Amino acid sequence: MPISIHKFLLILLILGIGVQVFISCSLKFPETELELASSGSEENSSSSQIEATSSSSDGDQYSSGLVSVSSSSSIYSISSSSLVNGSSSSSSSLLSSSSSRATSSSSRSSSSSSIPSSSSSSQAPCTAKNNTQTHYCSGGTLKEYGSLSYEGQTYKTVNINNQIWMAANLNYTPSSGKHRCYAQGNGNGGDTWLAPDKPDDQPKIKANCDKYGRLYNWETAMKLSNCSATSCASKIQKPHQGICPSGWHLPDTSEWNALRSFIEKEIFDNWEDEEYGWDVGTKLRAITDWKKASDTTLWGVDSYGFSALGSGYCVSCEELSSATGYFSGEKEQAHWWTATEYINKYTNDATQAYKNKISYSTKVLNQETESKADYLYSVRCIKNK
């Protein structure tokens, strides 16, 4: 019996020594536990937490948080580090994998950082140079042109801040009124071939109409009569169709101002616009078919597909044969009538109407007034809401 007791005590002593050796080895070589934990099977995943300290290069000691080890995700995260002898703090994450097995994203976790996904990278914004026959760049995104058919012509349309505009000037031939295709003239007797009795079917003249659209005086654009010298306020509807297609109309000053205000706000909000000094005129102007100013910041960038061209204008076109009338402004200016009259509140004069202007030598979209009878300008129609 005493021998049995001694054997039992000896076995206990050996077991105790073995436990102490195991614990000592575990504390001395913590990375062994990391390797064992990470190589475990997904079915029997385990995790452990190990405290650790590290020192910076300048001798400051850091007390770290816990090292979390998860064998199912093969991600080790070290976090919540704080400087013991300083004022700064830091956190870091360590991503490691001990096997080539694919793991689901739902099983991955980190207490201090997130892993970026390649799908989150954004595509570079477009510019007018990316425009195609079917798509235009607007607000940095390619959008599909709309389409409008009217009197044998097909026009592209664009949506700018929920205003749907024709993307080209109107090229409609009314049965009456004052209207012409653009043709270069100097007003010094060299324009007799452009007199009213000459048709607009000459190759150069027709090509200009196809490219720039037709030029109209205000009465013709509004499809009104007897308004050149007196007010036609009682005849102006809101919206006023004029010579535009059904469901479309000649925009008034408030609609042009809404377009201007929207673009001005986008310019203010966009650092790139401020960097290049662009304004409403440069943002609406097409990038080609304009006279090039020496200042490149004046060049058109066509940010919305509006594609304004230098369509020019005509003054007193019915008097071309007497050298009084003339064409001017091709590739240099664009003018568009509005559906709004200008009435002088002091003299009650109603011989003028508002129009908008873009020039190759300025960055802005100007709103001005001009004679309703004598000047022929372009028309851009806008869709009814």
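The values are calculated or read from the model by the stated rules, or taken from the named source; none is laboratory data. Remember, it's a predicted structure, so these values are computed and weren't measured experimentally. Here Cβ is always computed from backbone atoms with ideal geometry, including for glycine, and neighbour counts include all displayed protein chains. Heads up: the accessible areas ignore ligands, DNA and RNA and are worked out on the full protein's heavy atoms, side chains in. Shrake-Rupley method; radii C 1.70, N 1.55, O 1.52, S 1.80 Å.
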Quick check: anything in region 227-244 in contact with a Cys (Cβ under 7 Å, 6 or more places away or on another chain), open to solvent by less than 30 Å² (accessible area, probe 1.4 Å), more than 30 Å from ALA323 (Cα to Cα) and part of a loop (DSSP other than H, G, I, E, B)?
yes
Would you mind stating whether SER294 is more than 27 Å from the chain's Cα centre (by Cα) and small (Gly, Ala, Ser)?
no
Just name the residue that is most open to solvent (accessible area, probe 1.4 Å) out of those in region 281-294 that are more than 15 Å from ILE263 (Cα to Cα) and touching a Gly at 6+ places or on another chain (Cβ under 9 Å).
LYS291
Return yes when LYS129 is under 30 Å from the mean Cα position of the chain (by Cα) and of a type in the set (Lys, Arg) and no when it is not.
yes
From the options ASN384, ASN356, residue that is farther than 17 Å from GLY242 by Cα and modelled with pLDDT of 95 or more:
ASN356
Selection over region 210-226 where residues are open to solvent by less than 10 Å² (accessible area, probe 1.4 Å) and at positive phi yields a count of 1
Out of all the residues in region 323-356, which are part of a loop (DSSP other than H, G, I, E, B) and open to solvent by 20 Å² or more (accessible area, probe 1.4 Å)?
ALA323, THR324, LYS331, GLU332, ILE343, ASN344, LYS345, TYR346, THR347, ASN348, ASP349, THR351
Breaking point among (1) closer than 24 Å to LYS211 by Cα; (2) assigned to a loop (DSSP other than H, G, I, E, B); (3) open to solvent by 10 Å² or more (accessible area, probe 1.4 Å); (4) not charged (D, E, K, R), for PHE306:
(3)
TRP278: more than 29 Å from ASN384 (Cβ to Cβ), crowded, with 19+ Cβ neighbours inside 10 Å and under 16 Å from the mean Cα position of the chain (by Cα), yes or no?
yes
Working only within region 252-291, note down all residues that are of a type in the set (Lys, Arg) and part of a loop (DSSP other than H, G, I, E, B).
LYS291
